[in-house]
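Enquirer: Okay, handing you the structure first.
No value in this document is a laboratory result; all are computed from the given coordinates. These numbers come from a predicted model, not from an experiment. No Cβ is skipped: glycine too gets one built from the backbone with ideal geometry, and neighbour counts run over all protein chains shown.
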Amino acid sequence: MIKTLNYLKGVLFNLPRPQKRLISVCADTAFILLALWAAFSLRFESLTWMPSERQLLVFGCTVATSVFAFVKLGLYRAVIRYISEKALMVMVMGVLISAISLIIYGYLFQALVPRSVPVIYGALVFMLVAGTRFAFRTLINRPREKAKGRVLIVGTGPKALQLSSALVQGTEYRPMGFVTPDRSKHKSLIAGKQVYGLGHIERAVREQGIQRIFLALEDDGSVDRKSLIRSLEELVVPVQTVPSMSELVAGQARINDIRDLDVEDLLGRDPVKPNAELVADSLRGKVVMVTGAGGSIGSELCRQIIRHRPKTVVLFEQSEFSLYAIERELRSISQIEGVDVELYPVLGNICHRRRCERVMRAFGVQVVYHAAAYKHVPLVEHNVIEGVQNNLFGTWHAAEAAIDAGVERFVLISTDKAVRPTNVMGATKRLAELVLQGLATRQSDTVFSMVRFGNVLGSSGSVVPLFRDQIRDGGPVTVTHPDITRYFMTIPEASQLVLQAGTMGQGGDVFVLDMGEPVKIADLARKMIRLMGLSEKTEKYPEGDIEVIYTGLRPGEKLFEELLIGNSPQGTSHPRIMMATEVSLSWTDVEKTLKQLMIASRNFDCGGVIELLKAAPTGYAPTGALEDFVWCELGGSAAMLQAANPDEDKVRKLY
């Protein structure tokens with residue numbers, strides 16, 4: 001029987017489209033005649049009832065009118081395999097026309113048509129015409145539906161309904177129901193599918209054989225995502241999400257573009273919201289320059305800045321490809337959102353002071369966001385001189401250029417690693433903060449401020465993409481130490497904080513974010529393993545999928561990061577932004593340190609640089625030996641590279 005059905009189904013599939021339509025017309029003709037006879041038989045309570053000659057005329061005209069109506073309404077253009085519930089309205093209209101035509105033809109031909117017959121006939125013909133089509137659709141699609149992955153959709157709003165509809169039409173996933181935190185909606189039906197309360201999700205996963213869970217929450221933030229993610233990660237089922245509504249509206253993504261959880265979900269806290277009006281007022285109509293515009297932080301700054309409608313944005317970047325990529329993206333955003341902003345991609349190195357100054361003067365830059373930096377801790381440990389050049393001298397030269405070019409505000413993107421640093425990266429960033437504070441005391445025309453925040457999820461060097469790749473490759477997931485903790489924030493959140501702080505600075509201010517509780521890196525790794533539908537492999541559970549191994553702290557790495565040097569931060573107008581109260585230096589003291597570091601750098605004397613960083617008032621206390629690759633390969637001797645003590649004036653000219 002099954003083989004016969006499959007054979008017939010194959011034959012029907014291979015027929016030309018006109019022949020399929022002809023079969024549909026013949027079938028509907030038979031259904032209409034059957035419904036007419038059944039309606040009269042039920043009315044007269046006789047299975048042997050036969051129509052009179054006049055009633056046969058009525059039957060023939062009703063069939064012709066009904067088929068003509070179905071043709072005009074487009075019923076035969078619908079592909080039965082993909083027929084949707086919208087076709088029901090077409091069928092209702094066609095059946096209504098058919099029933100009315102039965103009444104009219106009965107009156108015209110003076111044939112007996114009892115008043116109840118059109119009602120009975122309409123119900124019967126609708127069940128036959130619509131029922132057979134949907135039954136046939138189910139029969140055709142059943143093998144394909146069985147092959148689809150079973151999924152639950154978390155959410156009951158418009159986004160969840162759009163996703164469900166898209167998945168039904170797709171070939172990969174089959175929505176089995178919805179999940180909602182609203183207890184009152186439990187056991188209700190949406191689009192014919194069961195709605196489960198969040199407390200019943202484990203039972204739903206077990207009973208329905210769920211293979212994936214998709215988050216389709218609205219963007220209004222009414223759901224406690226932290227609690228939701230905590231509930232979902234215990235299920236050991238892959239959890240993924242759909243694009244945000246802003247991406248859907250901008251045409252950057254489709255509703256069925258399923259992807260791994262956003263870093264905002266992994267963060268486990270509500271993002272810090274800036275004062276959008278205050279930020280917009282500070283940027284609207286301004287000429288803004290972003291250094292390191294192609295980096296993870298710099299590029300997000302650019303994306304958010306152009307949405308506040310400045311007059312001009314100067315993209316300053318030393319990587320040609322990164323500059324090309326961000327310019328192309330920003331032009332696309334400007335076109336889609338109708339933002340009229342002049343964009344100037346400029347290649348350059350922040351260590352070249354005159355280049356920076358010429359660029360700032362040429363475009364009349366009013367605000368600078370300084371995001372250019374080397375921030376990968378182990379790499380800077382292995383490349384000490386370049387870390388000092390870029391992070392410290394680059395900041396100094398860009399700041400001096402800003403003063404000479406008459407820039408109004410200069411905002412430095414700093415890091416929590418600048419607090420009691422144990423690595424060169426943190427020490428150079430702390431010295432960069434002291435440089436700007438010293439320049440703030442030397443003049444008042446350019447307002448300098450700094451924004452200090454923790455690790456950025458999703459940036460280059462972030463653990464999140466690294467862990468994700470390791471899990472997809474089958475593990476192991478590498479964590480440096482079981483107790484290592486970090487403060488985390490997202491790239492958009494960090495960028496918004498920078499923009500907000502740029503409006504609040506009065507001169508030499510260091511702003512930090514109240515980032516909540518620090519996150520254990522090992523716990524983050526385990527959370528990602530569970531949310532990707534896998535289990536951790538341990539001694540107690542050797543059948544697990546992914547093992548977490550500890551590799552030891554890397555050069556310059558700390559177990560715990562801090563955001564404040566002192567213990568008495570001051571509040572600001574933003575409830576989640578604090579201002580650090582810390583010791584600063586006069587410009588004379590800062591300049592003396594810079595000169596000494598300049599000479600040591602010119603000599604490629606890594607040992608001398610480290611000693612100077614330790615002697616500077618940064619709190620720098622390295623935890624290991626000097627690990628610069630070049631220095632170690634050459635035996636750790638500065639004399640092998642350059643004669644010591646060059647003329648200080650010549651060194652100044654070089655920089």
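Enquirer: Of LYS429/LYS592; LYS375/LYS592; LYS592/LYS614, which sit over 23 Å apart, Cα to Cα?
Expert: The answer is LYS375/LYS592.
Enquirer: Could you list TRP396, TRP49, TRP587 in order of exposure, starting from the residue whose Cβ has the fewest other Cβ atoms within 10 Å?
Expert: So the ranking, lowest neighbour count to highest, is TRP49, TRP587, TRP396.
Enquirer: Sort the following peptides by mean Cβ neighbour count (other Cβ atoms within 10 Å, averaged over residues), highest first: 186-193, 463-470.
Expert: Going from most to least packed, we get 463-470, 186-193.
Enquirer: Arranged from highest to lowest average of other beta-carbon atoms within 10 Å per residue, in what order do the peptides 380-387, 477-484, 18-25 appear?
Expert: By packing density, highest mean first, the sequence is 380-387, 477-484, 18-25.
Enquirer: By per-residue mean of other Cβ atoms within 10 Å, what is the highest-first order of 29-40, 359-370, 63-74?
Expert: Put in order of decreasing packing, that is 359-370, 29-40, 63-74.
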